[in-house]
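A quick write-up on the structure given underneath.
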Amino acid sequence: MNTPPTNISCQDPKLSGENWDRFLPVFKKKNVQTKKPHVVREKRVYTPFPPAPTPSKIDKEIESGEYFMKEHERQAIKQAKKTQANLEVREQKKAEKASAFVAPAEKKRKRDDKNKFAPTVDDLKNKFLAQEDSKKKAKSAKVSSLSDFVSK
């Protein structure tokens, strides 16, 4: 709440407690643009001679010797360039397709505790031979026990 001006509040004590916004002037807010700073451009180096003109199509043909060729010779050279470009594109596409079939490099895994105690080929051989021996002994024991019952 705005305070009233001192000279009016002295005249009328009723207005001293009221809001004085209605008596004050209302101004529209304007977005005033600030002035842009002047940009100083760098001065270019003065060259008294203009740049060399770019060679025209005919100039390029004269340099390459194509200007003096016959039309069918030009067409043959143009066709040869096209086929060469096509071959390069084909080779590139073949390489891209072949790269899809190349297996990625496998990461080396750390051995687990299980693999430390995994049986080796020699261990398995010895175990297998021991089983064969025990089977032979059991078989011979069986035959000898049967021979006790069989009379000669």
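Placing unit charges on the Cβ atoms of the charged side chains and taking the dipole of the stretch 4-73 about its Cα centre, the candidate lying farthest along the positive direction among Pro25, Pro13, His72 is Pro13.
Using the Cβ-Cβ distance between Leu24 and Val45 with R0 set to 35 Å, the FRET efficiency from 1/(1 + (r/R0)^6) comes to roughly 0.05. For chymotrypsin sites (Phe, Trp or Tyr not before Pro), the sites in the stretch 25-75 that DSSP calls loop and that have at most 14 other Cβ atoms within 10 Å are Phe27, Tyr46.
Starting from the Cα gyration tensor of the stretch 29-73, take the square roots of the eigenvalues, sort them a ≥ b ≥ c, and report rounded, prolate or oblate (rounded when a/c is under 1.5, otherwise prolate if a/b is larger than b/c, else oblate). Oblate, because a/c is 1.5 or more while a/b does not exceed b/c. If R0 is 30 Å, the Cβ-Cβ spacing of Gln92 and Glu71 corresponds to a FRET efficiency of close to 0.40.
Distance between the 7 Å Cα→Cβ label points at Ser144 and Glu61: 11.1 nm.
Read-outs throughout are calculated quantities, based only on the coordinates presented, and are distinct from any laboratory measurement. A quick note: this is a predicted structure, and the numbers were derived from the prediction, not measured. Methodologically, a virtual Cβ is constructed for each residue, glycine included, from the backbone with ideal geometry; neighbour enumeration extends over all protein chains shown.
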